[in-house]
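J.: Structure provided below as structure tokens; questions to follow.
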Amino acid sequence: MAGTHVLFVEDDDVIREATQLALERVGFVVTAMPDGLSGLEAFRADRPHIALLDVMVPGLDGVSLCRRIRDESTVPVIMLSARADSIDVVLGLEAGADDYVTKPFDGAVLVARIRAVLRRFGHAGGPTAGDGPGQDRPAACGVLTFGDVEIDTDGMEVRRAGEPVALTPTEMRLLLEFSAAPGTVLSRDKLLERVWDYGWGGDTRVVDVHVQRLRTKIGQDRIDTVRGFGYKLKA
């Protein structure tokens, strides 16, 4: 992934410079900005492959910046928060972030998380052939229909009642994972492994917020919660 362009928005000079050096050392091209407004300008000018946004930055906070980016692009976004505060985490994910990392973070851990996100986005911002969900088993192909929801797994398009549904790549991967096993309960840990490429334990709030975002787009009653176990797509 050498040459991958990273937008990094962080107001702390020490953290910004140290993190930029750590990312550049492993081959990333980094544009580092100290506030949200300059970060938005840099995003529009450079169109990076991924954005790292600190929650608490001046001018335009990280959550608002994430919303602005998501209005214009499906580029992957990782939020950085100084606290494991549920409010910070949930606000960032609801704004459209794909993942989050809590500060202080180890440089190697951050690089691993960035690479995991880029892998599932096919580097350029969307799922690619051979990079779909559940790679240990074949994914369903063709057009799948669940009520008024149609999923074109070849064209990576979703329609509801005939109208196109705009999904982020993470939301699409989540839906594809559900649609590959309709009626089957998938645990949060299994979804973290298959959709977020976590080979280690992760925060299940990431799954919960993305499921809720997906429900608002394809219908609240399309995905059931099975208390104590996980979620399933209605067959």
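The values are calculated or read from the model by the stated rules, or taken from the named source; none is laboratory data. This structure is a prediction, so every number in the text was calculated from the model and none was measured. Quick reminder, even Gly has a Cβ in these numbers, built from the backbone with ideal geometry, and neighbours come from all protein chains shown. Side chains included, ligands, DNA and RNA excluded: accessible areas come from the protein's heavy atoms. Shrake-Rupley method; radii C 1.70, N 1.55, O 1.52, S 1.80 Å.
J.: So how much slack lies between E41 and E163, counting 0.36 nm per residue of separation and subtracting their Cα-Cα distance, in nm?
T.: Contour length minus Cα-Cα distance gives 40.7 nm.
J.: Using a 1.4 angstrom probe, figure out how much accessible area region 1-95 has per residue, in square angstrom, rounded to the nearest whole. Walk me through the numbers on the way to the answer.
T.: Working: 4110 Å² over 95 residues.
Per residue, region 1-95 has 43 Å² of solvent-accessible surface.
J.: In the full protein assembly as shown, how much of K234 is accessible to a 1.4 Å probe, in Å² to the nearest 10?
T.: The value for K234 is about 80 Å².
J.: Further, regarding this structure: Dimensions of region 32-112 along principal axes (Cα, Å, largest first)?
T.: The Cα atoms of region 32-112 stretch 30, 26, 22 Å along the principal axes, largest first.
J.: Amide H to amide H under 5 Å from L80: which residues, 5+ apart in sequence or cross-chain, H placed 1.01 Å off N in plane?
T.: L53, D54, V55, V101
J.: How big is the equivalent ellipsoid of region 1-68 along its three axes, where each semi-axis is √(5λ) from the Cα gyration tensor, reported in whole Å from largest to smallest?
T.: Values: eigenvalues 71, 39, 13 Å².
Taking √(5λ) for each eigenvalue gives 19, 14, 8 Å, largest first.
J.: Region 146-205: which chymotrypsin sites (Phe, Trp or Tyr not before Pro) are DSSP loop and have at most 13 other beta-carbon atoms within 10 angstrom?
T.: Details: sites: F146, F178, W196, Y198, W200; in loops: W196, Y198, W200.
Those satisfying the criteria are W200.
J.: On to the next question. In nm, what is the difference between 0.36 nm times the number of residues separating E94 and D106 and their Cα-Cα distance?
T.: On the way: separation 12, 0.36 × 12 = 4.32 nm, distance 2.52 nm.
Using 0.36 nm per residue and subtracting the Cα-Cα distance, I get 1.8 nm.
J.: Kirkwood Rh over Cα pairs of the chain into Stokes-Einstein at 10 °C, 1.306 mPa s: D in µm²/s? Intermediate values should be presented prior to the final figure.
T.: Numbers: Rh = 18.1 Å.
For these conditions, the coefficient is 88 µm²/s.
J.: Carbon and sulfur: what percent of region 8-119's accessible surface (1.4 Å probe)?
T.: Details: 2540 of 4700 Å².
Carbon with sulfur: 54 percent of the solvent-accessible area.
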